[in-house]
1. Within a 10 angstrom radius of the beta carbon, how do 106, 159, 62 rank from fewest other beta carbons to most?
2. In the chain, what % of DSSP beta bridges are antiparallel (nearest 5)?
3. How high is the FRET efficiency between residue 124 and residue 184 when r is their beta carbon distance and R₀ equals 25 Å, given to the nearest 0.05?
4. How long is the gain from residue 159 to residue 45 if the chain were fully straight, where each residue apart is worth 0.36 nm and the alpha carbon distance is subtracted?
5. Between the stretch 137-159 and the stretch 21-98, how many Å separate their Cα centres?
6. What's the Kirkwood radius of the stretch 42-183 in Å, using all Cα pairs?
7. Under the definition of Cα pairs under 8 Å and six or more residues apart, what whole-number percent is the relative contact order of the chain?
8. Set the Förster radius R0 to 25 Å, insert the Cβ-Cβ distance between residue 26 and residue 83 as r into 1/(1 + (r/R0)^6), and round the FRET efficiency to 0.05.
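Please treat every number below as a calculation from the coordinates, not as lab data. Nothing here was measured: the structure is a model prediction, and the numbers come from that model. Note: ideal-geometry Cβ built from the backbone for every residue, glycine included; neighbour counts use all protein chains shown.
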C-alpha cells in the first residue's frame, strides 16, 4: 500500500514540479514537457481500437461506445477529491463551452466516485461540460489500465489517437489540448 501511495504521489505531483522547474513559455521545453507525460501515460496503445464500453450517465441515459464510432470522443477519467482534477475544471469548462457547437465531438467523463458524491460536488461548483458517469475504479484500471487521475483519451472512429495523464491546468496546456482535439476533426 505504501508503494502504491508513493507511486501515485510521484505521478500526481511530478508534472507540477517539472512545470515549476522549466520555462514552459519556451516552446521546445513545453513540447518536451507534454511528450514526457504522454510517454508515461498508461492505457491502450495509440492506433489501437479503444476498449468498448457502456455506461449510464448521471441523467440516466445509457451511452454505448458503438454508437460513437463516427464521433470524436474526448474522455476524462477522474474522481472527486483529485487535486489535479480540481485544477483543470475551469479549463475543461472553457474547452467544452468553446467546442459545444461541434456535434461531431462528444465529451465523456468516467468518474470513480459515487453518483451522490459527484452530484454534491457539481452542486457546489457546477460540472465541466462532460457527460459524466460514475464507474468503478477496478473497471477503469482493468479496462483502460488507468491508475492515475486525471487521464485524458481522444478516440476517433473507435481508435485511440491521443492519451495523456496530466491536468489541463494552465492556458498553455489547454491550448495544446484544444489544438490536439481540433486536429482530429479536420
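1. Result, fewest neighbours first: 62, 159, 106.
2. Given both bridge residues lie in the chain, the antiparallel proportion sits at roughly 60 percent.
3. For residue 124 and residue 184, the calculated efficiency is 0.15.
4. 40.1 nm
5. Taking the Cα centre of each part, the stretch 137-159 and the stretch 21-98 sit 8 Å apart.
6. Every distinct Cα pair counted, the radius reaches 15.1 Å.
7. On the way: 281 pairs, mean separation 55.7, N = 186.
Once normalised by length, the contact order is 30 percent.
8. So the FRET efficiency works out to roughly 0.45.
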